[in-house]
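Peer 1: I'd like to ask some things about the structure below.
Each value in this text was obtained by applying a stated rule to the coordinates, not by laboratory testing. Everything quoted here is computed from the prediction, not taken from an experiment. When we count neighbours, we look across all protein chains shown, and the Cβ atoms used for this are built from the backbone with ideal geometry, even at glycine.
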């Protein structure tokens, strides 16, 4: 299939397909009369790239995932390792998001009249005390290193 058809079937722009070729995510297709001709395997690979990208994998991670991938190849140890690393990253993101949500809900209860009031109230929260403590400690270390 030609690049336009592939782009349409993968819901991508042709420029994205050419970019994936240049970056090594997609093997260069055969050319007939100067035009790219792709196999169905290219479509499957692009759909996987698109899915992984939408799930938050970077192009570098996707390239590592796909390197050496053969059709119907079993998932190897490196796949499991990458998946475990991504799960850990997702769990950390979920924890940060929950803390942020809790902090925002806490702030909504206060109806801060001014920026100063909000800052003072934030300083009472456990999260901000930890941040302030770390900032003060870093400042102290910075002052010690200058002397």
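Peer 1: Compute the FRET efficiency between residue 22 and residue 91 as 1/(1 + (r/R0)^6), taking r as their Cβ-Cβ distance and R0 = 30 Å, and round to the nearest 0.05.
Peer 2: Values: r = 34 Å, r/R0 = 1.12.
The formula returns an efficiency of 0.35 here.
Peer 1: For a footprinting-style exposure proxy, rank 55, 1 by other Cβ within 10 Å, fewest first.
Peer 2: On the way: 55 10, 1 16.
If I rank by nearby Cβ atoms, fewest first, I get 55, 1.
Peer 1: Highest first, please rank the peptides 15-22, 56-63, 99-106 by the mean number of other Cβ atoms sitting within 10 Å of their residues.
Peer 2: Working: 15-22: 16.1, 56-63: 14.6, 99-106: 11.5.
Listed from highest to lowest mean packing, they are 15-22, 56-63, 99-106.
Peer 1: Can you give me the distance in nm between label points at residue 1 and residue 32, each placed 7 Å from the Cα along the Cα-to-Cβ direction?
Peer 2: Simple spin-label model gives 1.5 nm for this pair.
Peer 1: Give me 66, 107 ranked fewest to most by other Cβ atoms within 10 Å of their Cβ, as a rough exposure proxy.
Peer 2: Working: 66 17, 107 14.
In order of increasing Cβ crowding within 10 Å: 107, 66.
Peer 1: Here is a further query. Taking the Cβ-Cβ separation of residue 60 and residue 114 as r and a Förster radius of 41 Å, what is the calculated FRET efficiency to the nearest 0.05? Display every interim value, and only then the final one.
Peer 2: Working: r = 45 Å, r/R0 = 1.09.
Rounded to the nearest 0.05, the efficiency is 0.35.
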